[in-house]
Every structure is written in structure tokens, then in C-alpha cells.
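Everything below concerns the one structure shown next.
The values are calculated or read from the model by the stated rules, or taken from the named source; none is laboratory data. Nothing here was measured: the structure is a model prediction, and the numbers come from that model. Quick reminder, even Gly has a Cβ in these numbers, built from the backbone with ideal geometry, and neighbours come from all protein chains shown. With ligands, DNA and RNA removed, areas are computed over all heavy atoms of the protein, side chains included. Shrake-Rupley method; radii C 1.70, N 1.55, O 1.52, S 1.80 Å.
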Amino acid sequence: MSTPGFSLLLGLLQLVGFLLPLRTYAIRKDIGFLEERICRTTVQGRYLISDDEGNVCNALSLDSRTRCCPLKGERFSCHGCNILSQCCSSYEFCVSCCLNPTRTILEKVVKIKVAKPATAGTYRTVFDFCAGRCRHSSESVVRENAYHSKFHHCFSLTSNASGANLTQVETRLLGIDVIVGRQGDSCDAVCKSRGQLCVMNKLSLLNQCDVMQRYMTCKGSCLASAGADQPAEVADDAPRDLVFHFCIFSNGAL
């Protein structure tokens, strides 16, 4: 048998329960945990690292959990790079500079072959392209491991300068003396006589009409031909059926 006091207290508790909404606990199935992004990084350097976000940092400052560089400093930094030639003195800054979407477009990158053979694949991402392209190539060396310039990490889309203007070609010839040899002299003979080495893989840069006119006396027109002695110019003692001082460029592989 309940007392009046107990009945009043029970009534008040029921009233409070009616006025205050019941708190319901449930688990949302449509919300998951956000996955933390893991950066891809270069592995070539001993001291510097470039991540796929375009940041460069000291290898010791790399985040051990995300493998990303700290978010400080300049993103897509081109420190030590020549923007015109798209070549850099540092591999890591070459990758960082290359990752800038205004310089390297994904739609163009994914169409480029990784290597020359027809069976070679293509680059999947811009980072794959930049990390691979900025490594040393045959265009960077004179002989074996001797570089012709400190800017030997390049990320240009094309490996030759075909169609490039004179300024771009001269930029890619930094550190190289262009010498016009005598008739019949080889590149090795001319350079050796001056105590220098012939850079055969740069002859393709000179195989352009405007570039040849810059260094030779042929200021007129240019002729396409084939031969091991080209690029060249028509000499004064050439047969009369040839036009004197014409530039002759090779229309085949050098």
C-alpha cells in the first residue's frame, strides 16, 4: 500500500519524463573513418626528399606516419632550376618543379612512353613521370659519368629541341662551346684539338635552320639532306650546281 507522499513523487517523475525527450543512442552505418593519406616520395637523394604533393624537405623531417613533408616552405619549388630549359641542378627540386600542374599536364603525361621500345608502358601519374624524367639521361652526360652542365635533371616533355626557338636551344647548350670545324674534320678531332670533348648527343640541337644560321656563315635558306657530315653548310669550293653558303640539316636520325 503506497503512501500519499510516495504517490506524489512518482507522479512528478512521470511528468518530468513526459516533458523531457528520451535520449536515443544509435550507430550510423553510413559514416566511416577518414583514411589518412600516405604520400609517395623520391628515394634517390641522401638528404632531400620530394613528396607527390610537390614539397621538398630534409629526409629526417619526413612524417613517419604519412610519409609526407611538413607543410612549410614553397610548394612546387624550382630552386636551382632553369625554367626555360626545364632543367635543374637538384633531382628533388626538379621533381617538385615538374609537379606544378601549370607546367606538367596529366593528359599529356599519360600518353608518353616510359622507354623507347614499343613494348614499354606509359606513366600512370604525374609523379611517376616527374620522378622518372628528372633522373639522369644520356643527354646529360659527355662521357660515362661526366656531366656537360650542372643542370642535368630535366623534365621537358620532349627529349630533343625540334621546333624550339633559338633561346631555348642556347639554354640547353649551357656549358658547351659550339665550334664550327673545317671541312672533313670530325667532331672528336675538332674538340680534341682544343682540349675538349665532343658531345655527340647534342648535335640534334644544332640540326635546325635558325640555330645553324646563328653559328655558321650560311645566312640564306636551308636545305634538307642526308649524310654523316650534317648539320653543315655548303662550302665556297663546292660544285657550281650547289648554292653557296646554304645551311644543310639532316632529315634523318643523327
Exercise. Taking the highest mean first, how do the peptides 204-214, 188-198 order by number of other beta carbon atoms within 10 angstrom per residue?
Worked result: 204-214, 188-198
Seminar exercise, completed: Charge dipole of the stretch 184-227 built from unit charges on the beta carbon (Lys, Arg +1; Asp, Glu -1), centred at mean Cα; most positive-end Cα among ASN201, CYS191, ALA226 is CYS191
Problem set entry | Backbone HN-Hα couplings from phi across the stretch 72-80 [Karplus 6.51/-1.76/1.60, Hz, Gly and Pro as x] | 8, x, 8, 7, 6, 6, 10, 4, x
For this session: Any chance you could run the full-extension gain for SER61 through GLU36? It's 0.36 nm times the residue separation minus the Cα-Cα distance, nm to one decimal.
Result: 7.2 nm
Problem set entry | Most to least accessible of LYS108, LYS72 (protein chains only, probe 1.4 Å) | LYS72, LYS108
For this session: Whenever you get a sec, line up VAL114, VAL56, VAL43 from highest to lowest accessible area (probe 1.4 Å, protein heavy atoms).
Result: VAL43, VAL114, VAL56
Exercise. Per-residue accessible area for GLU74 at 1.4 Å probe radius, Å² rounded to 10?
Worked result: 120 Å²
Problem set entry | Amide H partners (placed H, <5 Å) of GLU233, local residues excluded | ILE248
